[in-house]
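Q: Got a structure for you, written out below as structure tokens; questions coming shortly.
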Amino acid sequence: MGTGVGKLKAIGGVLILATFFLGGCSNPLLETVDELIDEYKAVLAGEQPEINVKWGAIDITDGDSENLGNVDQEWPVEFEFTIENTGAGTLHLTDSPQVALSGGIRYTVIAQPPATIAPGGSAEFTIELDPGNLSGNPSIVVTIENDDPDESSYEFTLSAAAGKYQGTKTLDSGNDVGQYSCIGVFDANVYTAYFDADDQDLKLAVSRNGGYDWSTKAVESSGAVGSHCALFVNEDDLYISYYDITNKNLKLARSSNGGESFNLVTVASSGDVGQHTSIDVTVGRDIYISYYDATNDELEIAIYDDSAGSWSYSPSADGGKYTSIAESGGNCFASFQYKTGASDEDNELYIRRILGGTPYVALNVSNSSGVGDGYCTSTEAVGSTVYISHFSITGFSMCGGEIVLEKSTNNGANWSSYTVDSAAALFWSPGNVGFTSLAVSGSNLFVSYCANDVVDGALKFAKSTSGGTSWSPQEVDISNDNVGYYTSIAVNGTGGSNVYISYYDKGNHRLKFARSANGGASWD
């Protein structure tokens with residue numbers, strides 16, 4: 001081995017020790033001497049890195065404590081942070097991993113930043129919080145080792161409040177917002193599409209934490225658009241069918257990024273089409289939309305084949321108002337109201353089936369004792385079992401009505417009828433009761449609806465744990481008259497332990513939301 005000779009030199013108040021070896025033997029330190037000198041020359045020239053960390057628009061300083069807010073305790077949630085280099089020199093993240101966590105067990109860095117960030121550049125990292133269904137205030141210490149001269153160990157604390165939102169709240173208000181509300185959920189993400197009659201826009205309300213906090217945005221605002229909307233949610237994919245009032249067309253808004261942006265397409269435009277829309281989407285992203293053709297007074301079904309990238313249209317059927325569609329195993333079921341006479345009592349509930357791609361003649365499935373059926377239908381299908389909830393008139397001259405479930409276990413060939421709420425309407429008029437919406441989780445069935453047995457236009461809810469044979473109705477919101485219009489229901493969690501309802505408070509012209517975190521046992 002050669003003899004080592006060291007040289008100590010000060011550059012800008014910083015000492016550099018470079019060690020050279022004689023005798024022809026190499027030393028790895030020689031390879032870094034030039035780099036070290038270049039770096040400290042940069043220090044002398046003021047070309048130093050400067051680290052800054054942001055969460056959204058919020059600056060998180062070294063030594064700071066940041067509250068991430070409310071999180072739903074049942075679902076993991078991701079938080080994205082940005083490391084900025086606002087200095088003139090390259091920022092090096094000197095530890096491995098670059099972002100380290102300590103002092104907690106429910107946080108994980110699921111995406112690390114790169115080891116270097118150029119001057120003026122930035123890089124992202126993502127931390128996931130999984131509360132593990134435990135409530136409380138989990139916290140974590142985040143450390144980023146780096147070569148910023150005065151913040152070389154950048155450290156801050158994150159905390160959150162884990163729980164489950166329960167109760168009712170207003171999501172949007174104005175002169176008239178919230179008609180045609182429709183809801184969808186995926187994990188802690190809750191979405192509600194609705195019509196803003198003030199601005200004549202299709203709008204979307206979004207919560208990323210199970211209903212605690214909400215934001216709203218316009219999906220389309222060109223002309224008068226957005227009435228008769230329907231929503232389908234699958235992970236980050238959102239589909240909204242709706243009526244273009246200005247052009248009398250059926251339209252579809254589609255998002256693949258959780259509602260951050262949408263692509264808009266016209267689905268049908270021949271005549272006055274697109275009211276009373278309903279939508280369902282398969283795992284393979286084939287789209288089924290049922291809607292009302294007002295020009296011909298007919299039910300129409302539009303089907304999008306994702307693999308072919310094209311739409312087809314099923315042969316029509318007479319009637320078509322209050323339609324609702326569901327797909328299961330390649331079979332399609334569209335319920336709708338078929339008018340048999342001039343009065344409001346002269347209506348029947350029908351279903352149009354497309355089995356394995358073959359359309360079948362529409363069937364009358366009204367087995368209730370009502371004299372007028374098919375109002376405000378909602379359809380769900382699981383395997384070969386099909387469920388339809390609807391409002392049924394039980395007496396003439398606007399006296400009495402009930403909420404009914406129709407159930408078929410053989411793809412809609414035969415039906416049985418069950419009363420959900422026999423006293424839903426002490427009196428009725430079209431458009432003032434019903435608004436049923438149905439959700440299924442295993443053998444548990446859930447129905448939201450508007451009733452006037454307690455107050456005029458109350459929001460009510462009924463649950464069956466017997467596959468629909470027996471029901472337990474209850475009030476959800478009776479805060480004022482006409483509060484429970486355009487209800488829409490969705491569930492998730494084991495057995496439907498989380499129940500979500502969006503609805504229109506007609507009395508105050510606003511969009512509202514209700515959540516039960518115990519399967520509908522209570523709502524406050």
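The values are calculated or read from the model by the stated rules, or taken from the named source; none is laboratory data. Just so it is clear, the structure is predicted and the values come from calculations on it, not from any experiment. Cβ sites come from the backbone with ideal geometry, for glycine too, and all protein chains shown count toward neighbours.
Q: Taking the stated definitions as given, is GLU145 in a strand (DSSP E or B) and out of contact with any Leu (no Cβ under 6 Å at 6 or more places or on another chain)?
A: Judged against the criteria, GLU145 is a match.
Q: Restricting to the range 289-311, name every residue that is within 27 Å of the chain's Cα centre (by Cα) and polar (S, T, N, Q).
A: Hits for the range 289-311 are SER290, SER307, SER310.
Q: For the range 86-105, does any single residue satisfy the condition of being closer than 26 Å to PHE186 by Cα, free of Cβ contacts under 8 Å to residues at least 40 places away in the same chain and in the same structural domain as SER153 (by TED's automatic domain parsing)? Give the steps one after another, and end with the answer.
A: Step one: filter the range 86-105 for residues closer than 26 Å to PHE186 by Cα, giving 105.
Imposing the further condition that a residue be free of Cβ contacts under 8 Å to residues at least 40 places away in the same chain reduces the set to 105.
Going one step further and asking which of them are in the same structural domain as SER153 (by TED's automatic domain parsing), we end up with 105.
Looking for residues that are closer than 26 Å to PHE186 by Cα, free of Cβ contacts under 8 Å to residues at least 40 places away in the same chain and in the same structural domain as SER153 (by TED's automatic domain parsing), one finds at least one in the range 86-105, hence yes.
Q: Next up: Test of understanding: among SER241, SER256, SER278, which residue is at pLDDT 95 or above and surrounded by fewer than 16 Cβ atoms within 10 Å (Cβ to Cβ)?
A: Going through SER241, SER256, SER278 in turn, just one is at pLDDT 95 or above and surrounded by fewer than 16 Cβ atoms within 10 Å (Cβ to Cβ): SER256.
Q: Picking from THR94, THR126, THR157, which residue would you name as being at pLDDT 95 or above and under 25 Å from the mean Cα position of the chain (by Cα)?
A: THR126
Q: Next question. Determine, yes or no, whether SER324 is polar (S, T, N, Q), within 19 Å of ILE245 (Cβ to Cβ), assigned to a strand (DSSP E or B) and modelled with pLDDT of 95 or more.
A: No.
Q: Do you know which of the residues in the range 441-457 that are surrounded by 20 or more Cβ atoms within 10 Å (Cβ to Cβ) and among the aliphatic types (A, V, I, L, M) is nearest to SER392 (Cα to Cα)?
A: Filtering the range 441-457 for residues that are surrounded by 20 or more Cβ atoms within 10 Å (Cβ to Cβ) and among the aliphatic types (A, V, I, L, M), the one nearest to SER392 (Cα to Cα) comes out as ALA451.
Q: What tally of residues in the range 458-478 results from selecting those that are more than 18 Å from ASN498 (Cα to Cα) and crowded, with 23+ Cβ neighbours inside 10 Å?
A: Going through the range 458-478 one residue at a time, the tally reaches 2.
Q: Now a separate question. Do we have ASP213 as under 26 Å from GLN275 (Cα atoms), among the charged types (D, E, K, R) and not assigned by TED's automatic domain parsing to the domain that holds GLU128 here? Explain how you work it out, then say what you get.
A: On the way: under 26 Å from GLN275 (Cα atoms): no; among the charged types (D, E, K, R): yes; not assigned by TED's automatic domain parsing to the domain that holds GLU128: yes.
Criteria not met by ASP213.
Q: Still on this structure: Check SER429, SER397, SER392, SER343 and return the single one that is at pLDDT 85 or above and among the polar types (S, T, N, Q).
A: Being at pLDDT 85 or above and among the polar types (S, T, N, Q) holds for just one of SER429, SER397, SER392, SER343, which is SER392.
Q: Just to be sure, is ALA317 over 30 Å from TYR500 (Cα atoms) and modelled with pLDDT of 95 or more?
A: Values: over 30 Å from TYR500 (Cα atoms): yes; modelled with pLDDT of 95 or more: no.
When the stated conditions are applied, ALA317 does not pass them.
Q: Follow-up. In the range 290-310, which residues are surrounded by 13 or more Cβ atoms within 10 Å (Cβ to Cβ) and more than 17 Å from TYR243 (Cβ to Cβ)? Spell out the reasoning first.
A: Our first condition is that a residue be surrounded by 13 or more Cβ atoms within 10 Å (Cβ to Cβ); within the range 290-310, this holds for 290-294, 296-305.
Answer for the range 290-310, where residues must be surrounded by 13 or more Cβ atoms within 10 Å (Cβ to Cβ) and more than 17 Å from TYR243 (Cβ to Cβ): ILE303, TYR304, ASP305.
Per-residue answers, yes or no, for (1) out of contact with any strand residue (DSSP E or B) (no Cβ under 7 Å at 6 or more places or on another chain); (2) assigned to a loop (DSSP other than H, G, I, E, B); (3) surrounded by fewer than 22 Cβ atoms within 10 Å (Cβ to Cβ); (4) among the hydroxyl-bearing types (Ser, Thr, Tyr):
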site	(1), (2), (3), (4)
ILE489	no, no, no, no
GLY495	no, yes, yes, no
ILE501	no, no, no, no
GLY507	yes, yes, yes, no
LEU511	no, no, no, no
ALA514	no, no, no, no
ASN518	yes, yes, yes, no
ALA521	yes, yes, yes, no
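Rundown of residues vs (1) of a type in the set (S, T, N, Q); (2) under 20 Å from GLY401 (Cα atoms); (3) outside the structural domain of HIS390 (by TED's automatic domain parsing), yes/no style:
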| residue | (1), (2), (3) |
| --- | --- |
| ALA462 | no, yes, no |
| THR465 | yes, no, no |
| ILE478 | no, yes, no |
| VAL499 | no, no, no |
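Q: Considering only residues that are hydrophobic (A, V, I, L, M, F, W, C), in contact with a Gly (Cβ under 9 Å, 6 or more places away or on another chain) and under 26 Å from THR385 (Cα atoms), which ones fall in the range 453-500?
A: Passing the criteria: PHE461, ALA462, ALA490, VAL491, VAL499.
Q: Within the range 311-325, take every residue that is hydroxyl-bearing (Ser, Thr, Tyr) and exposed (fewer than 15 other Cβ atoms within 10 Å of the Cβ) and give me the one that is nearest to ASN364 (Cα to Cα).
A: Step one: filter the range 311-325 for residues hydroxyl-bearing (Ser, Thr, Tyr), giving 312-314, 316, 322-324.
Narrowing further to those that are exposed (fewer than 15 other Cβ atoms within 10 Å of the Cβ): 312-313.
Details: SER312: 25, TYR313: 22 Å.
Here the answer is TYR313.
Q: Pick from SER335, SER366: which is in the same structural domain as PHE461 (by TED's automatic domain parsing), among the polar types (S, T, N, Q), assigned to a loop (DSSP other than H, G, I, E, B) and closer than 23 Å to GLY434 by Cβ?
A: SER366
Q: Return the total of residues in the range 249-270 being in a strand (DSSP E or B) and either touching a Cys at 6+ places or on another chain (Cβ under 8 Å) or hydrophobic (A, V, I, L, M, F, W, C) (or both).
A: Taking the range 249-270 as the starting set, the residues that turn out to be in a strand (DSSP E or B) are 249-255, 263-268.
With the extra rule that they be either touching a Cys at 6+ places or on another chain (Cβ under 8 Å) or hydrophobic (A, V, I, L, M, F, W, C) (or both), the set shrinks to 250, 252-253, 264-265, 267-268.
The total comes to 7.
Q: Any residue at all in the range 204-217 that is farther than 19 Å from LEU511 by Cα and part of a loop (DSSP other than H, G, I, E, B)?
A: As a first pass, look at the range 204-217 and keep what is farther than 19 Å from LEU511 by Cα: none.
Taking every residue of the range 204-217 in turn, none turns out to be farther than 19 Å from LEU511 by Cα and part of a loop (DSSP other than H, G, I, E, B).
Table: residues versus (1) in contact (Cβ under 8 Å) with a residue 60 or more places away in the chain; (2) not in a loop (DSSP other than H, G, I, E, B).
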| position | (1), (2) |
| --- | --- |
| ILE127 | no, yes |
| ASN133 | yes, no |
| ASP150 | no, no |
| TYR180 | yes, yes |
| ALA193 | no, yes |
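Q: Further question on the same structure: Out of curiosity, is LEU349 modelled with pLDDT under 95 and either crowded, with 23+ Cβ neighbours inside 10 Å or of a type in the set (Val, Ile, Thr) (or both)?
A: For LEU349, the condition - modelled with pLDDT under 95 and either crowded, with 23+ Cβ neighbours inside 10 Å or of a type in the set (Val, Ile, Thr) (or both) - is met.
Q: Taking the range 179-200 only, how many residues are buried (at least 21 other Cβ atoms within 10 Å of the Cβ), over 22 Å from CYS376 (Cα atoms) and over 9 Å from the mean Cα position of the chain (by Cα)?
A: Number satisfying all stated conditions: 0.
Q: If you take the residues in the range 125-178 that are touching a Pro at 6+ places or on another chain (Cβ under 9 Å) and of a type in the set (Asp, Glu), which one is surrounded by the most Cβ atoms within 10 Å (Cβ to Cβ)?
A: Among those that are touching a Pro at 6+ places or on another chain (Cβ under 9 Å) and of a type in the set (Asp, Glu), it is ASP148.
Q: Let me ask something else. Being at pLDDT below 90, more than 17 Å from GLU145 (Cα to Cα) and out of contact with any Pro (no Cβ under 6 Å at 6 or more places or on another chain) is true for just one of THR108, THR32. Which residue is that?
A: Exactly one residue qualifies, and that residue is THR32.
Q: Also: For GLN112, all conditions in the list (1) farther than 27 Å from GLY211 by Cβ; (2) in contact (Cβ under 8 Å) with a residue 24 or more places away in the chain; (3) surrounded by 15 or more Cβ atoms within 10 Å (Cβ to Cβ) hold save one; what is the number of the exception?
A: Every listed condition holds for GLN112 apart from (2).
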